[in-house]
1. For segment B:38-95, max minus min Cα coordinate along each principal axis, in Å, sorted largest first?
2. Mean residue ellipticity at 222 nm from the helices of chain B, using -39,500 (n - 2.57) per DSSP H segment of n ≥ 4 over the full residue count, to the nearest 500 deg cm²/dmol?
3. I'd like the FRET efficiency for residue B:17 and residue B:125, computed as 1/(1 + (r/R0)^6) with the beta carbon distance as r and R0 of 22 Å, rounded to 0.05.
4. Give the average, rounded to an integer, of partner chain Cβ atoms located within 10 angstrom of each Cβ in A:65-71.
5. Using the Kirkwood formula on the Cα atoms of chain A, what hydrodynamic radius do you get, in angstrom to one decimal?
6. Consider all pairwise Cα distances in segment A:83-130 and report the whole-number % of them above 18 Å.
7. Suppose only helical runs count, i.e. DSSP H with n ≥ 4. What mean residue ellipticity at 222 nm does that imply for chain A under -39500 (n - 2.57) per run, divided by all residues and rounded to the nearest 500 deg cm²/dmol?
8. Round to the nearest 0.05 the FRET efficiency obtained for residue A:23 and residue B:62 when R0 = 25 Å and r is the Cβ-Cβ distance.
């Protein structure tokens, strides 16, 4: 009888911890997935930006934005994604480096994990260097 | 009961971690492939090199896709839906999307413990896109 009671108390103490661990692992997995996705989108946006003509800030930014938007729209766990690339025209010259920063929220509210986690803001940054031989628009 | 719950949590953690590694590598491999696909093709520098996306993607994927077949998808078309892709198979597809080029990796990777894939939906469905590269003078 006493042993049954002891087992019951041990279970009552241990089970909530194990359940919290279970959901914690799932949440960490979803969070890591969202971060990798955002990081990839920002990296591709920066890489895309430096493939446009040199000294074309608006066109370079458009390339980056198109790439970023098209990549994050495939990912339902990322919401309110925004991209900002440098505003210095000198960064868009041949041989110069462009830096882009992305931000978003991990939308736990769209998943069963919403009972534990709220939406979590994340950010990522990436740089890319334009070829020193990249030509201007003809 | 506590032992069973502990084993379940441990198992969930290990399998979730393995899936996270596989999916992260799929994202990285797709990003590597789409950069090749968005570049100019060897025969015409103004056209994307869609066929070039598969090999770098395959080479990156195979390191973590345990006994999983990695096949090229239909040329210049989106991948088939997941239910048309067999178990332990991933399909890699590169296709044009307006002024952008998209690459999708979709399918059901194998797991070190074979019967896990019948219990848990550890599918992979990753798509990345990149603006076409222009090589005009």
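1. Largest to smallest, the principal-axis extents are 37, 24, 12 Å.
2. Value at 222 nm, helices only: -11500 deg cm²/dmol.
3. Details: r = 19 Å, r/R0 = 0.88.
Efficiency, rounded to the nearest 0.05: 0.70.
4. Values: counts 1, 7, 8, 3, 2, 11, 11.
Rounded to a whole number, the mean comes out at 6.
5. Numbers: mean 1/r = 0.0575 Å⁻¹.
Evaluated over chain A, this radius sits at 17.4 Å.
6. On the way: 543 of 1128 pairs.
So the pairs more than 18 Å apart make up 48 percent of the total in segment A:83-130.
7. Values: 2 runs with 64 residues, N = 138.
After summing the helix terms and dividing by residue count, I get -17000 deg cm²/dmol.
8. Working: r = 33 Å, r/R0 = 1.30.
Taking R0 as 25 Å, the efficiency between residue A:23 and residue B:62 is 0.15.
FYI, it's all coordinate maths here, none of it is from the lab. Bear in mind the structure is a predicted one, so any value in this text is a computation, not a measurement. Heads up, the Cβs are rebuilt from the backbone with ideal geometry, glycines too, and the neighbour counts pull from every protein chain shown.
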